[in-house]
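Below is one structure, written out as structure tokens; the observations come after it.
The values are calculated or read from the model by the stated rules, or taken from the named source; none is laboratory data. Keep in mind the model is a prediction, meaning the values are calculated, not measured. Every residue, glycine among them, receives a Cβ derived from its backbone with ideal geometry; neighbour counts consider all protein chains shown. SASA here: full protein model, heavy atoms, side chains in, ligands and nucleic acids out. Shrake-Rupley method; radii C 1.70, N 1.55, O 1.52, S 1.80 Å.
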Amino acid sequence: MRIGILTAGGDCPGINATIRGVCKTAINHYGMEVVGIHSGFQGLLDIDVENFTDNSLSGLLNQGGTVLGTSREKPFKKTIATSDVNKPELIKQNIKNLGLDCIVCIGGNGTQKTAAKFAAMGVNIVSVPKTIDNDIWGTDFSFGFDSAVSIATDAIDRLHSTASSHKRVMVIEVMGHKAGWIALYSGMAGGGDVILLPEIPYQMSAVSETIMNRIKRGKSYSIVVVAEGIQTDGSRRAAEYIAQQIETETGLETRETVLGYIQRGGSPTPFDRNLSTRMGGHATELIANGQFGRMIALVGDDITSIPLEEVAGKLNSVTEDHDLVVQGRRMGVCFG
Ligand code: F6P
């Protein structure tokens with residue numbers, strides 16, 4: 001068999017490990033040919049590809065980013081500029097012309113939605129969930145998430161010493177798009193006193209009260225972890241908005257840090273490396289067995305797969321009954 005592989009959407013640690021897992025399994029175990037497709041779905045429009053050999057894959061396991069490059073090209077999205085081109089049909093034809101029996105798509109929610117539409121057109125697709133946000137429905141974790149949480153937790157740890165030295169309130173904004181998973185996991189791992197998530201509405205009065213009560217108990221500083229997607233007045237970034245509100249309401253010196261793209265950079269954690277390897281290998285096994293139109297998933301301790309049409313358009317959001325939220329509340333963490 002001859003398979004194509006592409007990476008689409010935001011980059012994150014672990015993509016290269018997944019490419020390695022798919023391709024080394026395909027070449028070494030199943031004797032397949034592998035074609036790397038550059039820049040996500042754009043590479044199928046431009047026929048921008050390269051033949052992968054075992055040598056192309058060395059050094060990928062711990063390398064951040066994606067050697068294939070990525071893009072946020074959405075072939076099914078109609079734009080005035082390209083209204084005369086039927087991108088999905090062009091891609092389907094190019095896949096045929098390239099002699100590809102299947103496409104492995106590594107990507108986030110947008111990519112899963114696109115993959116489901118191509119599967120419905122009869123294109124053989126297997127997808128692997130990828131995102132630091134961990135907001136893809138159907139899998140307990142996506143690779144990239146553990147690495148982002150590790151980076152964010154290290155940053156929060158560092159903020160404790162400067163907050164303590166200056167007796168300040170430090171607000172840190174982490175990524176996550178519309179989900180609060182990175183804020184929840186890094187906030188709890190980093191000892192956040194206040195953790196604000198898009199999924200749990202907050203009152204500034206509760207935030208300020210928590211901080212003032214800490215002062216009364218002799219705690220001279222507080223750490224506030226906010227997800228980028230929380231509700232604000234829309235005038236500025238979440239961290240700036242929350243820091244300004246705290247300083248106004250409490251009179252305490254408050255500073256903010258926006259962690260940004262650092263959460264998407266660098267080498268994957270060992271957990272993400274192994275999750276990437278497991279998911280990549282399982283994707284190739286599905287292809288060898290002729291099972292298409294499915295997304296690889298981690299459910300409990302098992303690597304499995306679910307139909308793509310079940311995933312598209314859904315979101316994996318934090319719930320109030322998640323045990324990190326329940327346990328955090330019991331320990332005095334304010335979720336707003
Ligand atoms: O989906 C990953 C992510 O980093 C989100 O957390 C963030 O909101 C978004 O991508 C940023 O998108 P871009 O890389 O296009 O600026």
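When Glu50 is tested against the conditions (1) assigned to a helix (DSSP H, G or I); (2) within 13 Å of Ile19 (Cβ to Cβ), the lone failure is (1). Only one of the numbered conditions (1) touching a Pro at 6+ places or on another chain (Cβ under 9 Å); (2) closer than 24 Å to Glu228 by Cα; (3) buried (at least 17 other Cβ atoms within 10 Å of the Cβ) is not met by Gly265, and that is (3).
In the range 8-17, is there at least one residue being over 30 Å from His177 (Cβ atoms) and either in contact (Cβ under 8 Å) with a residue 24 or more places away in the chain or assigned to a loop (DSSP other than H, G, I, E, B) (or both)? No, the conditions are met nowhere in the range 8-17. I want to confirm something. Restricting to the range 26-59 and keeping residues that are within 24 Å of Asp133 (Cβ to Cβ) and touching a strand residue (DSSP E or B) at 6+ places or on another chain (Cβ under 6 Å), which single residue is nearest to the ligand (Cβ to nearest atom)? Out of the qualifying residues, it is Gly40. Against the test of being open to solvent by 60 Å² or more (accessible area, probe 1.4 Å) and out of contact with any helix residue (DSSP H, G or I) (no Cβ under 9 Å at 6 or more places or on another chain), the options Asn51, Asn62, Asn28 yield a single qualifying residue, Asn51. On the stretch given as the range 218-260, residues that are without any contact (Cβ under 8 Å) to a residue 40 or more places away in the chain and farther than 19 Å from Ile195 by Cβ total 7. When the residues of the range 1-25 are filtered to those that are away from the ligand (no atom under 16 Å from the Cβ) and hydrophobic (A, V, I, L, M, F, W, C), the one that is most open to solvent (accessible area, probe 1.4 Å) is Met1. Checking each residue in the range 236-294 for being within 16 Å of the ligand (Cβ to nearest atom) and under 24 Å from Lys113 (Cβ atoms) picks out Tyr261, Gln263, Arg264, Asp272.
This table checks each residue for (1) basic (Lys, Arg); (2) closer than 30 Å to Leu275 by Cβ; (3) surrounded by 15 or more Cβ atoms within 10 Å (Cβ to Cβ); (4) more than 14 Å from the chain's Cα centre (by Cα).
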| residue | (1), (2), (3), (4) |
| --- | --- |
| Ala148 | no, yes, yes, no |
| Thr153 | no, yes, yes, yes |
| Arg158 | yes, yes, no, yes |
| Ala183 | no, yes, yes, no |
| Ile211 | no, no, yes, yes |
| Gly234 | no, no, no, yes |
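Among the residues of the range 272-299, write down those that are open to solvent by 20 Å² or more (accessible area, probe 1.4 Å) and not aliphatic (A, V, I, L, M). Within the range 272-299, Arg273, Asn274, Thr277, Arg278, His282, Glu285, Asn289, Gly290, Gln291, Phe292, Arg294 qualify. Within the range 68-82, one or more residues are surrounded by fewer than 18 Cβ atoms within 10 Å (Cβ to Cβ), at pLDDT below 95, within 16 Å of the ligand (Cβ to nearest atom) and part of a loop (DSSP other than H, G, I, E, B).
Taking the listed residues Lys130, Lys92, Lys113, the one that is within 16 Å of the ligand (Cβ to nearest atom) and open to solvent by 40 Å² or more (accessible area, probe 1.4 Å) is Lys113, with no other qualifying. Test Ser305 against the criterion of being of a type outside the set (Phe, Trp, Tyr), crowded, with 17+ Cβ neighbours inside 10 Å, in contact with a Pro (Cβ under 8 Å, 6 or more places away or on another chain) and outside any loop (DSSP other than H, G, I, E, B), and give yes or no. Judged against the criteria, Ser305 is not a match. Looking at the structure I just gave you, is Gly187 open to solvent by 20 Å² or more (accessible area, probe 1.4 Å), touching a helix residue (DSSP H, G or I) at 6+ places or on another chain (Cβ under 8 Å) and either within 16 Å of the ligand (Cβ to nearest atom) or aromatic (Phe, Trp, Tyr) (or both)? In short, no. Taken together, the criteria exclude Leu100 from residues that are of a type outside the set (S, T, N, Q) and assigned to a helix (DSSP H, G or I). Leu100 - would you say it is touching a His at 6+ places or on another chain (Cβ under 9 Å), open to solvent by less than 40 Å² (accessible area, probe 1.4 Å) and either in the same structural domain as Met175 (by TED's automatic domain parsing) or aliphatic (A, V, I, L, M) (or both)? Spelling it out, it is not the case that Leu100 is touching a His at 6+ places or on another chain (Cβ under 9 Å), open to solvent by less than 40 Å² (accessible area, probe 1.4 Å) and either in the same structural domain as Met175 (by TED's automatic domain parsing) or aliphatic (A, V, I, L, M) (or both).
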